[in-house]
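Everything below concerns the one structure shown next.
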Amino acid sequence: MRTINVQGKGIVKAEPDIAILQFQAIAKNHDYSDCIRDLNAQVEALRIDMETAGIDRAELKTTDLRINVNTRSLKDGRRVFDGYTASHELIIEIPFDKDLLNKVLRIVAKAQSGVGLSISFSVKNKEALRHSVLGEAVRVAKSNADLLADAAGIKLGKLMQINYGWTEIRFYEDTMTMPGADLCSGPEYDVDVQPAELKAEDTVTLIYEIDD
């Protein structure tokens, strides 16, 4: 039995409907307790900022927490203790609304907590987008199979198999970054944000029998 394997790549675009805010608080101090206290103060100020913006502070979640020991080099080549650096990364998702986003930016900047911020844009219902991508990939693969069969002068038989790697569908999101220093300067005007469409893609392979 002869078969033909045909691949199809599905690409689907969607308008973002959520904004993902990622904050990073950093504290440096020669004393460990003071370093952690300074870090916690920044994070608490950020949680208060969220409440001021009308967002539940519990929605602000930790994604990474690190405490590093610093060293410095002496003239004789030895390295000696030089305090601690602690970082706390947090994330929160909010509906993509320009007014709400700018409200959060203004409040965080006015409070001058010193945190850095990056903003990415995505879709809340990724499962629906995944279904669309797979459907498009199958449609493209079937179209490619018909095209190849016509060009080769063969007739496609029944569909024997669909191969899908079960890998996570790739989502390409738009991101903007604002360092802590920029936030502390305070935005004089609202940020005019128009995120690019979110693109998702994946690939499937169809195996057809060739009718003799």
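Worth a mention:
- Using distinct alpha-carbon pairs, which all enter the 1/r mean, Kirkwood radius of region 3-211 in Å: 20.9
- Other residues lying with their Cβ under 13 Å from the Cβ of ASP146 contribute a combined charge of +2, Lys and Arg counting +1, Asp and Glu -1.
- Lysine pairs within region 3-211, Cα separation less than 19 Å, 8 or more sequence positions apart or different chains: 13
- Paramagnetic reach from LYS110 in region 30-57 [backbone N under 18 Å; point 7 Å along Cα→Cβ]: 45-57
- Remark: the chain carries a charge dipole of roughly 600 debye about the Cα centre, counting +1 on each Lys and Arg Cβ and -1 on each Asp and Glu Cβ.
- Each label point was placed 7 Å from the Cα along the Cα-to-Cβ direction; for ASP17 and LYS155 their separation is 4.6 nm.
- The simple spin-label model puts a point 7 Å past each Cα toward its Cβ; for GLU197 and SER87 those points are separated by 3.5 nm.
- Within a Gaussian network of the chain (alpha carbon springs, distance under 10 Å), most fluctuating of ASP76, ASP17, ASP97: ASP76
- Of GLN24, GLN161, GLN42, the residue with the greatest mean-square motion in the GNM of the chain, using alpha carbon springs below 10 Å, is GLN161.
- Exposure proxy shown here: for MET160, MET50, MET1, the number of other Cβ atoms within 10 Å sets the order, fewest to most, as MET1, MET160, MET50.
- With each label modelled as a point 7 angstrom along the Cα→C-beta vector, the ASP97-GLN7 pair spans 4.4 nm.
- Diffusion coefficient of region 24-102 by Stokes-Einstein, Kirkwood radius over Cα pairs, 4 °C, 1.567 mPa s: 89 µm²/s.
- Highest GNM mean-square fluctuation among VAL138, VAL108, VAL80, for the chain modelled with Cα contacts below 10 Å: VAL80.
- Set of region 23-52 residues, backbone N closer than 20 Å to the point 7 Å along the Cα-Cβ line of ASN70: 24-43
Only the coordinates and a few stated rules stand behind these numbers; no lab work does. Remember, it's a predicted structure, so these values are computed and weren't measured experimentally. Please note: Cβ atoms are built from the backbone with ideal geometry, for glycine as well, and neighbour counts cover all protein chains shown.
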